[in-house]
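The structure appears right after this line, and notes come after that.
Laboratory data are not the source of any read-out in this text; all were calculated from the coordinates shown. None of the values given here were measured: they were computed from a predicted structure. When we count neighbours, we look across all protein chains shown, and the Cβ atoms used for this are built from the backbone with ideal geometry, even at glycine.
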Amino acid sequence: MYLVVDTWVWEKAQEGDFYSLELLAKICRKCKHKIIYDYEREILDEYEKHIEEDPSNAVHRIFKYMTQTGKIVPKSRSTVKIENFDKSDMKFIQVAIPSSALVISGDSDFLEIRKHLINKKLNVEILTPMEALDRL
């Protein structure tokens with residue numbers, strides 16, 4: 001299963017949020033799950049800016065393991081635009097559409113557009129970390 005993990009999840013995991021940290025660990029353990037980013041590397045670059053590069057940081061170790069083992073892979077993006085949605089977050093939706101990936105975020109901007117995406121019949125579902133843990 002392809003997943004698009006918003007940077008919000010990585011940040012919350014670093015802050016000790018149980019659901020975010022458990023979600024990342026679960027993705028890491030399940031062979032069939034892959035986190036995707038865009039070929040332009042905008043998502044990966046954002047991850048690298050926000051994940052503290054500290055070997056004692058569990059989130060950093062999970063991220064490093066995932067990148068080294070092919071659990072984080074590039075995919076193409078669509079060109080869809082969503083009115084009144086944060087342009088800096090659009091890349092997460094755009095990479096999810098062609099791969100029918102689940103988007104995981106607790107960010108209010110993402111949660112507010114969930115119904116909009118369903119009404120537009122875009123093949124994207126947005127879940128919170130807690131919802132994703134139940135689904136995966």
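Odds and ends about this structure:
- Mean residue ellipticity, 222 nm, helices only, the chain: the sum of -39500 (n - 2.57) across DSSP H runs of n ≥ 4, divided by residue count and rounded to 500, is -14000 deg cm²/dmol.
- Mean separation of Cα contacts under 8 Å, 6 or more apart, over the residue count of segment 1-61: relative contact order %: 41 percent
- Put simply, the amide H of Ser78, placed in the peptide plane, has neighbours under 5 Å in Val95, Ile97, leaving out anything fewer than 5 places away on its chain.
- Applying a DSSP loop filter and a limit of 15 other Cβ atoms within 10 Å to the chymotrypsin sites (Phe, Trp or Tyr not before Pro) in segment 33-136 leaves Tyr39.
- Entries in Lys32/Lys87; Lys49/Lys115; Lys26/Lys64; Lys30/Lys115; Lys26/Lys91 that, when Cα-Cα distance is taken, lie over 27 Å: Lys32/Lys87; Lys49/Lys115; Lys30/Lys115
- When only Cα pairs below 8 angstrom with a gap of at least 6 residues are kept, the chain shows a relative contact order of 31 percent.
- Dipole magnitude (debye, nearest 20) for the chain, charges at Cβ of Lys, Arg, Asp, Glu: 840 debye
- Sequence-distant residues sharing a close amide H with Asp38 (under 5 Å, placed H): Ile43, Leu44, Lys75
- Gain in span if fully extended, Glu131 to Ser108, counting 0.36 nm per residue against the direct Cα distance: 6.8 nm
- In this label model, Ser100 and Asn57 are separated by 3.5 nm, measuring between points 7 Å along each Cα→Cβ vector.
- Note on Ile51, Ile126: ascending count of other Cβ atoms within 10 Å places them as Ile51, Ile126, the fewest first.
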